[in-house]
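Enquirer: Here it is, the structure in full.
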Amino acid sequence: MIIRTITLILISAILILAQNEEDSLITYQSEDSVVIVANRYQVSAKALSYSYELVTEDKIKSLSNHSALEMVDISFPSSFILEKKVMGFGVGTAGGGLVNIRGLGGKPNTGVLVLLNGHPDFMGIFGHPLPDVYGIDDIQRVEILAGPASTVFGNHAMGGVVNLVTEPNYKHFAKISIEGGTYNSYNYGLNLSKQLGRNGFYVNVRRKKSDGHVAKTSFESTQYNAGWSFQINPKLNLSAKARYVPYTFDDPERGNYDPTGLGTYGDIQRGMGEIILSNNFQKWQGSAQIYTNLGHHKFFDGFESNDFNYGFSIYQNWLTGSNFSFAFGTDFMHFGGQAENKISRKPNGDPIVNEDKHEISSGGLYALALYNPFSTLNFKLGTRYQYNSLQTQNLSPTIGLSYTFFSSFQLFSNYQNGFRNPTPMELYLFPSANENLNPEKINSIEGGLIYQLANNTQIKITYFNNDIKNRIQAVNFKFRNSVSANQWGIESQIKTQLNSVLGTQFSYSYLDPDIITTYNPEHQFKYVLHASHKNYRLSIFGKYVKDLFAGDNSTDPLPDYHVVNLSVSILSKSFDAHLRVLNILNYKYRVMPEYDAPGTNAQLGIDFKL
């Protein structure tokens with residue numbers, strides 16, 4: 001059945017590629033495309049010397065179910081996100097939301113850096129992002145940078161960077177969203193936005209709830225977003241944004257054990273805020289930011305914590321002329337928290353959790369030069385210096401080049417360096433903690449070819465190799481820098497836009513993860529087939545996963561699986577209606593041992609616009 005389905009999809013792709021090109025749209029034009037990479041620097045698409053993917057708002061709204069981070073899994077060939085429920089990812093040992101890119105990320109995800117409008121966003125004690133707080137309401141685009149990116153982005157950027165860019169939609173003063181689906185799931189919200197002169201205001205409120213596909217897989221959240229922006233002049237903009245998300249989730253791992261009477265696996269409260277002054281002069285582009293991320297976590301087993309993350313960054317992109325630009329910046333972060341568990345104790349009666357408050361400060365400087373001596377040749381050279389209060393220092397260089405020939409072919413290669421400092425959890429929190437841990441390190445190379453066919457089709461093939469040192473993992477119940485690994489892989493992707501109606505995206509990735517096999521499948525085949533005509537949209541998307549393991553060293557093997565999804569929408573001036581059906585073949589599979597993933601589930605919704 002799986003082979004037959006894939007064969008039909010490939011045949012469809014061949015038929016589409018074989019169609020007459022007279023009606024094709026110019027959608028992949030690298031000569032005149034300009035990319036703003038994660039809010040930090042500007043580069044032409046033909047000068048990119050690494051793998052970069054941009055996901056637009058339309059695709060996010062059409063394909064995402066409950067979080068914009070789902071687009072990372074859908075859009076990038078070698079990415080894998082652990083999803084085990086109908087709604088919500090959860091937190092802790094039983095949580096989903098793991099993000100692996102090119103074999104790196106981890107569980108929890110401390111090796112792929114998630115940015116919110118260009119600044120780091122993670123929990124202060126455990127060092128991982130909270131994917132359930134993002135939603136999709138105000139996400140304008142998702143940017144994916146594959147491979148180490150610590151030169152520009154610093155700590156945690158081992159496997160890559162995901163940047164979520166939020167912007168209100170001022171086209172409508174009000175939007176009321178109502179959605180319901182299987183497993184007693186519902187999702188409704190109110191969005192208000194208005195521009196008054198040079199001021200812009202918005203407020204979003206959203207409520208989500210699901211009973212889950214099996215017992216103890218419920219999820220419930222409320223999201224509050226608000227923001228203000230002021231256009232000081234045509235070149236300067238000041239904005240402030242805030243987000244508060246309380247949510248609860250359950251998991252079968254809890255069983256009937258609930259000594260605190262919480263009634264669910266976890267009760268989470270997260271609050272975030274940012275103030276950004278951005279400039280867009282003819283030769284100077286950049287911003288100054290201050291931001292915070294605060295949280296309170298409470299779990300059924302008695303664990304309770306308060307964490308914080310404060311930071312500021314200043315970065316600029318200097319466009320000196322037509323063939324040279326220089327990006328530079330500095331950033332500082334102060335993060336940490338305090339935890340306790342009044343129920344669980346060591347055999348001698350001492351607390352199992354280190355109840356002291358732990359804080360870490362970290363600051364860095366970076367510089368990146370982009371130079372194209374000829375219109376067909378582009379160079380990149382940069383470095384970062386990072387220092388933190390653990391008395392560790394990191395130097396993170398990068399160098400890359402790209403070369404365009406015959407106007408349709410582009411070769412690119414890149415050397416990238418990344419690092420991840422140990423988190424407060426690994427250093428101090430549990431009996432497994434180790435205050436003598438060193439930073440994880442990675443040196444990575446990649447090279448590839450991009451072929452533009454008739455301006456409506458793009459073919460991309462990439463090879464990468466990761467040399468990993470000092471990987472932190474628990475050995476004999478103690479965190480240690482115990483693992484070195486050498487990973488390599490190949491990514492291939494074909495995008496085509498036949499005409500104004502039909503388009504496709506196919507990708508295949510092969511990964512040799514070495515011993516780091518946890519949620520790093522050896523083979524992944526992904527596809528998106530989309531059609532649009534007037535006010536109607538149809539998308540069929542899915543993936544086939546082979547040789548997946550839930551543990552390192554090829555332990556806890558999981559069955560291969562193929563999941564196919566469907567999205568249909570009708571758009572109009574006053575309302576939008578949509579239907580999403582996930583796992584339409586009702587394929588039985590597992591992404592965790594002894595844990596069945598959801599079967600067919602559907603959501604039907606409508607958005608009223610005023």
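The values are calculated or read from the model by the stated rules, or taken from the named source; none is laboratory data. Because the structure is predicted, anything quoted here is derived from the model rather than measured. Glycine gets a Cβ as well: all are built from the backbone with ideal geometry, and neighbour counts include every protein chain shown. Heavy atoms of the whole protein, side chains included, go into the accessibility calculation; ligands, DNA and RNA do not. Shrake-Rupley method; radii C 1.70, N 1.55, O 1.52, S 1.80 Å.
Enquirer: Within segment 326-339, can one find any residue that is over 30 Å from Gly154 (Cβ atoms), assigned to a strand (DSSP E or B) and open to solvent by 40 Å² or more (accessible area, probe 1.4 Å)?
Expert: There is no residue in segment 326-339 that is over 30 Å from Gly154 (Cβ atoms), assigned to a strand (DSSP E or B) and open to solvent by 40 Å² or more (accessible area, probe 1.4 Å).
Enquirer: Can you tell which of Ser482, Ser554 is free of Cβ contacts under 8 Å to residues at least 12 places away in the same chain, under 30 Å from Pro422 (Cα atoms) and open to solvent by 50 Å² or more (accessible area, probe 1.4 Å)?
Expert: Ser482
Enquirer: Which of the residues spanning segment 268-297 are open to solvent by 30 Å² or more (accessible area, probe 1.4 Å) and either at pLDDT below 95 or hydroxyl-bearing (Ser, Thr, Tyr) (or both)?
Expert: Across segment 268-297, the qualifying residues are Ser278, Asn280, Phe281, Gln282, Lys283, Trp284, Gln285, Thr292.
Enquirer: State yes or no: is Asn348 on the phi < 0 side of the Ramachandran plot, out of contact with any helix residue (DSSP H, G or I) (no Cβ under 8 Å at 6 or more places or on another chain) and either buried (at least 16 other Cβ atoms within 10 Å of the Cβ) or in contact (Cβ under 8 Å) with a residue 24 or more places away in the chain (or both)?
Expert: It is false that Asn348 is on the phi < 0 side of the Ramachandran plot, out of contact with any helix residue (DSSP H, G or I) (no Cβ under 8 Å at 6 or more places or on another chain) and either buried (at least 16 other Cβ atoms within 10 Å of the Cβ) or in contact (Cβ under 8 Å) with a residue 24 or more places away in the chain (or both).
Enquirer: Would you pick out the residues in segment 205-221 that are open to solvent by 20 Å² or more (accessible area, probe 1.4 Å) and either in a strand (DSSP E or B) or on the phi > 0 side of the Ramachandran plot (or both)?
Expert: Matches in segment 205-221: Val205, Arg206, Arg207, Lys209, Lys216, Glu220.
Enquirer: So which strands (runs of 3 or more DSSP E) are wholly in segment 496-610 and hold at least 1 residues that are over 24 Å from the mean Cα position of the chain (by Cα)?
Expert: Result: 502-512, 523-533, 536-546, 561-571, 575-582, 601-609.
Enquirer: Oh, and also: Regarding segment 259-266, can at least one residue be identified that is touching a residue at least 24 places away in the same chain (Cβ under 8 Å) and closer than 30 Å to Val152 by Cα?
Expert: Scanning segment 259-266 turns up no residue that is touching a residue at least 24 places away in the same chain (Cβ under 8 Å) and closer than 30 Å to Val152 by Cα.
Enquirer: Also, I was wondering about something else. Quick one: would you say Ile178 is open to solvent by 30 Å² or more (accessible area, probe 1.4 Å), of a type in the set (Val, Ile, Thr) and either part of a loop (DSSP other than H, G, I, E, B) or farther than 30 Å from Ser344 by Cα (or both)?
Expert: Taking the combined requirement at face value, the residue satisfies it.
Enquirer: Could I ask something else about it? Can you go through Tyr315, Tyr366, Tyr403 and tell me which one is modelled with pLDDT of 90 or more, in a strand (DSSP E or B) and more than 30 Å from Tyr291 (Cβ to Cβ)?
Expert: Tyr403
Enquirer: Quick test of your reading of the structure: Asn434 fulfils all but one of (1) part of a loop (DSSP other than H, G, I, E, B); (2) over 30 Å from Asp356 (Cβ atoms); (3) in contact with a strand residue (DSSP E or B) (Cβ under 6 Å, 6 or more places away or on another chain). Name the failing condition by number.
Expert: (2)
Enquirer: Quick one: which residue in Ser574, Ser492, Ser532 is touching a residue at least 12 places away in the same chain (Cβ under 8 Å) and under 28 Å from Met592 (Cα atoms)?
Expert: Ser492
Enquirer: Go over the candidates Lys357, Lys346 one by one and state the one that is modelled with pLDDT under 90, over 30 Å from Gln42 (Cβ atoms) and out of contact with any Asp or Glu (no Cβ under 6 Å at 6 or more places or on another chain).
Expert: Lys346
Enquirer: Turning to a different aspect of this structure: Give segment 140-164 a look and list any residue that's more than 12 Å from the chain's Cα centre (by Cα) and among the hydrophobic types (A, V, I, L, M, F, W, C), or say none.
Expert: Ala149, Val152, Phe153, Met158
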